[in-house]
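Novice: Quick one: structure below, then a few questions.
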Amino acid sequence: MQEYLKIALIQTELFWENPQKNRTHLTEKIESISESVDIIILPEMFTSGFTMKAEKVAETMFGETVVWMQELALKKQTAIIGSIIISENSNFYNRLLFVHPNGIIETYDKKHTFTLAGEDKVYTAGKSKLLVSYKGWRICPLICYDLRFPVWARNVEEYDVLIYVANWPKVRIAAWDALLKARAIENMSYCIGVNRVGEDENNHEYSGHSAVYDVLGEKLDNIPENQEYIEIVTLNKDHIKTYREKLNFLNDKDIFTIE
């Protein structure tokens, strides 16, 4: 088991529906990380922005972006996380990929599709959570709109880190800030949110507010808003253990099932 986990958050602009340009842009950012890290986190739909034109930019699980992620993970000897648009079995998915350093991929399809933007009409919703075991840590990665649904994120699996990748607009950024902190506190886990910046072709503005919260809801990062930035934060397993044993809040959680 690894006591510390070093995470790199990449808060970046995205080029609209241009996978090649986004990969080139992100390659430069990933290559610029000089220190050794365990995980690199990219935003939601990092090859395209939050588009509903899935047929224009969708790839398969054998496509260029998947191979790109595997090659970079191997080269940097780090896990890489982010979501892209995947075409599979005549459906489109907003799919998060957790790519291990050895190239093994674990996936999560976004459960809560964003009906306000019509995501539910284009993308097929996922049905199950993903729990990744990595270097002795249990990680639960989710996507954007999932943040508004605490039952889905409820820590019944005793995970250590909750991660959200997002395209969360500036107009509702106060909700993003509040909910990330709440998810950390109620689940007694680290909670990380990685959001994009810039403006998309639908004139939606994104201000970032990527963040890392500890078990007590204390903010651990110094990420500026409204600009591209790479932040590296180290998580401490003992912090989780100490406060879970001291406070025992998770022992009093409600028992339920999701149908």
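Novice: If you scan the range 27-40, which residues turn out to be surrounded by fewer than 24 Cβ atoms within 10 Å (Cβ to Cβ) and either more than 25 Å from Asn236 (Cβ to Cβ) or touching a residue at least 24 places away in the same chain (Cβ under 8 Å) (or both)?
Specialist: Thr27, Glu28, Lys29, Ile30, Glu31, Ser32, Ile33, Glu35, Ser36, Val37, Asp38
Novice: Taking the condition of being under 26 Å from Leu116 (Cβ atoms) and not acidic (Asp, Glu), how many residues in the range 204-218 meet it?
Specialist: Adding up the residues that qualify gives 8.
Novice: To continue, here is another question. Could you tell me whether the range 234-245 includes any residue that is within 16 Å of Ala8 (Cβ to Cβ), at pLDDT 95 or above and either out of contact with any Ser or Thr (no Cβ under 7 Å at 6 or more places or on another chain) or not hydrophobic (A, V, I, L, M, F, W, C) (or both)?
Specialist: yes
Novice: Restricting to the range 227-252, what's the tally of residues that are surrounded by 17 or more Cβ atoms within 10 Å (Cβ to Cβ), assigned to a strand (DSSP E or B) and either of a type outside the set (A, V, I, L, M) or over 17 Å from the mean Cα position of the chain (by Cα) (or both)?
Specialist: Total satisfying the criteria: 2.
Novice: For the range 28-44, state whether one or more residues are under 19 Å from the mean Cα position of the chain (by Cα) and in a helix (DSSP H, G or I).
Specialist: Checked against the condition, which is being under 19 Å from the mean Cα position of the chain (by Cα) and in a helix (DSSP H, G or I), the range 28-44 yields at least one hit.
The values are calculated or read from the model by the stated rules, or taken from the named source; none is laboratory data. Being a predicted model, the structure only gives us computed values, none of them experimental. Cβ sites come from the backbone with ideal geometry, for glycine too, and all protein chains shown count toward neighbours.
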